[in-house]
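Reading through the structure tokens given below for one structure.
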Amino acid sequence: MAILLAILALGLCVLTLMAMAQRRQLATTMPPPPQVLPGVSILKPMRGADPGLAGNLESFFRLDYPEYEVLFGVDDPTDPASEVALRVAGAHPEVPSYLVVDTRQVGFNPKVNNLARLLRHARHEVIWISDSNTRVAPDTLRDLVAHLEKAGTGLVSSPFRGVAAGGAGGALESLQLNTFVMGSVSAAHRLLRKVCVVGKSMLLRRSTLARLGGFAFLGRFLAEDQVCGEEIARLGLGVTVSGRPIDNMLGNLSVRSFLARHLRWATIRRCMNPAAYAGEVLLNPVFVAVCSALAARTPDSLVLAFAVLLLKSVLDAAGERSAGVRRSFLVYPFLTLMKDLLVGCVWVVPFLSTSVTWRGNRFHIGSRTVLSPVLSPTAAILGRASAEAGG
């Protein structure tokens, strides 16, 4: 039974690798661009100085595109990201750019709150939602717009790869992004024809966003990107992924940071689609084989676990090379073993708890990742006392 499960899990990993290869083939071709390129408003929600922030922002001022603007958003005028944004923007007066400092909220999701504030100042119909820790090539926007202008398309997102990673957590994070995450997104679109959106980079029309209920609707959810894609698909519009990856600049991360981020994403996937999340264990053949070996405690089971680890290491190396990331093969057995065992242990947690800590706040995640704050005992008591006094 353990052998069959390990073979099945490896087979599924091969399928995701094939989907990544198909996506990479798409990256070599761009859809025919429209005769008239629409103006684009780039919305950049920021909080804190991300690793390589100046270089990240700089790449958005060097786009090969005729008309666009860049809007930066923070909720605190002392946020160090503001100074970086203003310095980079000052070096590029040829590109209209604005810094929006505002604290108004439309929901519990702080990123969506920031985006809602930026949208009020955007001049163009087409909007590009882009995280501040991403870096792009000059032709990225042309490629995204060419996809969006295809008849019936409502949203275009970008695949992304983890680069510039430091520390043990950074190595684990980049491997997870470049294999499991990129492979899963590619497989969802290319093989399963399912909507799978990661909000690092999303291009859509503000009229389409308005039909969903705007950011006021999306602000209710933690997985606002996936919900946005699903709602657009329900309108009968296409949701697609560009073939060209963008870079997610990771910086130095601890193993603890890697686990916290992965746990939050795992909880999101569990709340969005419990059945699919339960099946994710079959995309982790190393975890399956090691657990089987620990249960059986036989020489054959140990040999099986070692063989699975070597094969999965080869697949991980091939996946990263497909994403354009190269590192010595000698590090893969160790990284693959460590990552897959940690991910496998975390996989259980969302079945036991649906609460996450995000940006210093504790939230309960409901169906489809609807957010509700988890109050501290003191806050809850004060809230009840206030309600009773008001009554």
Could you check, for segment 261-278, whether at least one of its residues is touching a Phe, Trp or Tyr at 6+ places or on another chain (Cβ under 6 Å) and in a helix (DSSP H, G or I)?
yes
List the number of the failed condition for Arg161; all other conditions in (1) outside any strand (DSSP E or B); (2) closer than 24 Å to Lys339 by Cβ hold.
(1)
Residue ID - nearest to the chain's Cα centre (by Cα), chosen from residues in segment 135-144 that are surrounded by 22 or more Cβ atoms within 10 Å (Cβ to Cβ) and either assigned to a strand (DSSP E or B) or of a type in the set (A, V, I, L, M) (or both)
Val136
Some residue of segment 190-198 being without any contact (Cβ under 8 Å) to a residue 40 or more places away in the chain, under 20 Å from Val126 (Cα atoms), not in a helix (DSSP H, G or I) and not hydrophobic (A, V, I, L, M, F, W, C)
no
Taking Asn248 and the conditions (1) part of a strand (DSSP E or B); (2) modelled with pLDDT under 95; (3) more than 15 Å from Ala188 (Cβ to Cβ), which numbered condition does it fall short on, given that it satisfies the others?
(2)
Just to be sure before I move on: is Ile268 over 19 Å from Leu175 (Cβ atoms), touching a strand residue (DSSP E or B) at 6+ places or on another chain (Cβ under 8 Å) and surrounded by 15 or more Cβ atoms within 10 Å (Cβ to Cβ) in the structure I sent?
yes
Taking segment 199-225, which residues are over 16 Å from Ile127 (Cβ atoms) and either surrounded by 23 or more Cβ atoms within 10 Å (Cβ to Cβ) or among the hydroxyl-bearing types (Ser, Thr, Tyr) (or both)?
Phe221, Leu222, Ala223
Residue check for Ser313: more than 22 Å from Thr16 (Cα to Cα) and out of contact with any Leu (no Cβ under 7 Å at 6 or more places or on another chain):
no
Please state which one of Val95, Val70 is in the same structural domain as Thr134 (by TED's automatic domain parsing), of a type in the set (Val, Ile, Thr) and part of a strand (DSSP E or B).
Val70
So, first residue over 15 Å from Leu352 (Cα atoms) in segment 266-285, second residue part of a helix (DSSP H, G or I) and hydroxyl-bearing (Ser, Thr, Tyr), Cβ within less than 7 Å, six or more apart or across chains; the pairs are Met272/Thr369
Just one of the numbered conditions (1) over 20 Å from Pro110 (Cα atoms); (2) in contact (Cβ under 8 Å) with a residue 40 or more places away in the chain; (3) surrounded by 14 or more Cβ atoms within 10 Å (Cβ to Cβ) is not true of Pro45; which one?
(1)
I'm trying to understand the selection: among the residues of segment 177-236, which are at positive phi and of a type in the set (D, E, K, R)?
Arg193
Looking at segment 309-323 only, could you name the residues that are closer than 12 Å to Ser174 by Cβ and either surrounded by fewer than 20 Cβ atoms within 10 Å (Cβ to Cβ) or out of contact with any strand residue (DSSP E or B) (no Cβ under 6 Å at 6 or more places or on another chain) (or both)?
Asp316, Gly319, Glu320
Hits in segment 84-115 - residues which are acidic (Asp, Glu) and surrounded by 13 or more Cβ atoms within 10 Å (Cβ to Cβ):
Asp102
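The values are calculated or read from the model by the stated rules, or taken from the named source; none is laboratory data. This structure is a prediction, so every number in the text was calculated from the model and none was measured. Cβ sites come from the backbone with ideal geometry, for glycine too, and all protein chains shown count toward neighbours.
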